Amino acid sequence: MIEQSVITKAKECLEQEANAIMALIPRLNADFIRAVQLIHDCKGKVVVTGVGKSGHIGSKIAATLASTGTPSFFLNPLDAYHGDLGMVGNDDLLLAISYSGATEELLRFLPLIQDRHIPIIGMSGNPNSLLAKGSDVHLSIAVEREADPLNLVPTSSTTVTLALGDALACALIEAAHFQPTDFAMLHPGGDLGRKLLAKVEDFMVSENLPLLTPEMLMKEAIEIVTNGKLGVGIVVEKMSNVQGQLSNKLVGIVTDGDIRRAMLRLGQSFFATPVSEIMSRNPKTINRNAKIVEAGETMNHYSIHSLVVLDTDSKVCGVIDSFSCLPGTRFYH
């Protein structure tokens, strides 16, 4: 049946491309390390170039590098002949891609770069190609065959090129100690960027806080904690400032875990016990102006699910919980 033959051919395509990527691993040698070092030490930008399918892949590699802390852009060799060569600075680096290593438009472009002593990293499937010989470092993207049935369409070769570009980006992330907050600075419009750059005050609960006092009996306190739906009760004492204004001073916290343990320990006397005998006296806190990612890191470190939020005068102003932090980040509950 035609349906079965189509599925079979699609599976073969994926298997061949996966095998081609796996074949890259033994090639991660001194040349790869040197390429990473050249890019890491580059004081300008990484200029990625290529023609046709290699150009499309190169454009994506440039975008990935730029989004992970390595300034980069794509330049079509044809455009370089008509004024865009001025976009290349003397402190830049060229990453040139051509599977054959013999693309005429690309090879005509190389001498213009070499004359300016700009380092060249070449990516091709032929280590003896003119591109390889004209590069300071050559990275092999050779494949045994393309994944299409005719062995003509750039499939395995473009997949391998893209994967090797990703490997460069990942290695550079490690070399530059690139952090999630750095990523957020380069992606302020995305959900991750907004989360990482946002402050605690943007996500904290500040209305109808479950406030308790040390003298309050647990009979009343447990109702407030339950209605607060935050899994905690914030124990405060009233304090006045120099203007005579009252504010809430944090003295402790009562968590669901504190309540369960106290009920087991105290039995029937639990409900007549004051909050002060059950509360934890040194709760973890965070300033309202701290980054939301800092709140998540603190909760992970202490294996807790909530933090009391304080303002600049150390007054209680809210609660932040793990559900308000980064999606996909592991927090303890």
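Which residues in region 60-81 place their backbone N less than 12 Å from a point set 7 Å from the Cα of Arg108 along the Cα-to-Cβ direction?
77-81
Among Leu131, Leu310, Leu264, determine the one that fluctuates most according to a GNM of the chain built with springs between C-alpha atoms less than 10 Å apart.
Sorting by GNM fluctuation, first place goes to Leu264.
Which value, in debye to the nearest 20, gives the size of the charge dipole of the chain about its Cα centre, when Lys and Arg are +1 and Asp and Glu are -1 at the Cβ? Walk me through the numbers on the way to the answer.
Values: 28 positive and 36 negative charges, 144 e Å.
With Lys and Arg at +1 and Asp and Glu at -1, about 700 debye.
With θ taken as phi - 60° and the coefficients 6.51, -1.76 and 1.60, list the Karplus ³J(HN,Hα) couplings across region 22-30 in order, rounded to whole Hz; mark glycine and proline as x.
Coupling constants for region 22-30: 4, 5, 5, 4, x, 8, 7, 10, 4 Hz.
Could you calculate the FRET efficiency of Ser206 with Asp91 from 1/(1 + (r/R0)^6), where r is the beta carbon distance between them and R0 is 56 Å, rounded to 0.05? Intermediate values should be presented prior to the final figure.
On the way: r = 49 Å, r/R0 = 0.87.
Rounded to the nearest 0.05, the efficiency is 0.70.
Taking all protein chains in place and a 1.4 Å probe, what share, in percent, of the accessible surface of the chain do carbon and sulfur account for?
Of all accessible area on the chain, carbon and sulfur atoms account for 55 percent.
For region 56-63, take each phi angle, set θ = phi - 60°, evaluate the Karplus expression 6.51 cos²θ - 1.76 cosθ + 1.60, and give the result in whole Hz per residue in order, putting x for glycine and proline.
4, 5, x, 4, 5, 4, 4, 5
Output needed for the chain: three equivalent-ellipsoid semi-axes, defined as square roots of 5 times the C-alpha gyration tensor eigenvalues, in descending order, whole Å.
60, 25, 15
Say the cut-off is 32 Å between C-alpha atoms; which of Lys11/Lys133; Lys219/Lys291; Lys9/Lys60; Lys199/Lys238; Lys9/Lys133 go over it?
Lys11/Lys133; Lys219/Lys291; Lys9/Lys133
Just name one of Leu168, Met239, Leu65: the one whose Cα is farthest towards the positive end of the charge dipole of the chain (beta-carbon charges, Lys/Arg +1, Asp/Glu -1).
Met239
Would you mind pulling out the separation of the Cα centroids of region 36-84 and region 109-140, in Å?
If we compute the Cα centre of each part, the gap is 14 Å.
Using the basic label-point model (7 angstrom from Cα toward the beta carbon), what is the Cys170 to Ala272 distance in nanometres?
Rounded to a tenth, the inter-label distance reads 6.4 nm.
Let me have the 222 nm mean residue ellipticity of the chain computed from DSSP H runs of 4+ only, each contributing -39500 (n - 2.57), with the sum over all residues rounded to the nearest 500.
Estimated from H runs of four or more residues: -12000 deg cm²/dmol.
Give, rounded to the nearest 20 debye, the magnitude of the charge dipole that region 76-152 has about its Cα centre when Lys and Arg contribute +1 at Cβ and Asp and Glu contribute -1 at Cβ.
That gives a dipole near 220 debye.
Under 11 Å from a point 7 Å along the Cα-to-Cβ line of Glu220: which residues of region 266-290 have their amide N that close?
Answer for this model: 275.
Which of Ser314, Ser306, Ser59 moves most in a GNM of the chain, Cα contacts under 10 Å?
Ser314
Residue separation times 0.36 nm, minus the C-alpha to C-alpha distance between Glu237 and Lys11: what's the value?
Gain on stretching Glu237 to Lys11: 74.6 nm.
The values are calculated or read from the model by the stated rules, or taken from the named source; none is laboratory data. It should be emphasised that the depicted structure is a prediction, and the values quoted were computed from it without experimental measurement. A quick note on method: Cβ atoms are made from the backbone with ideal geometry, for glycine too, and the neighbour counts reach across all protein chains shown. These area figures cover heavy atoms from the full protein model, side chains too; ligands, DNA and RNA do not enter into them. Shrake-Rupley method; radii C 1.70, N 1.55, O 1.52, S 1.80 Å.
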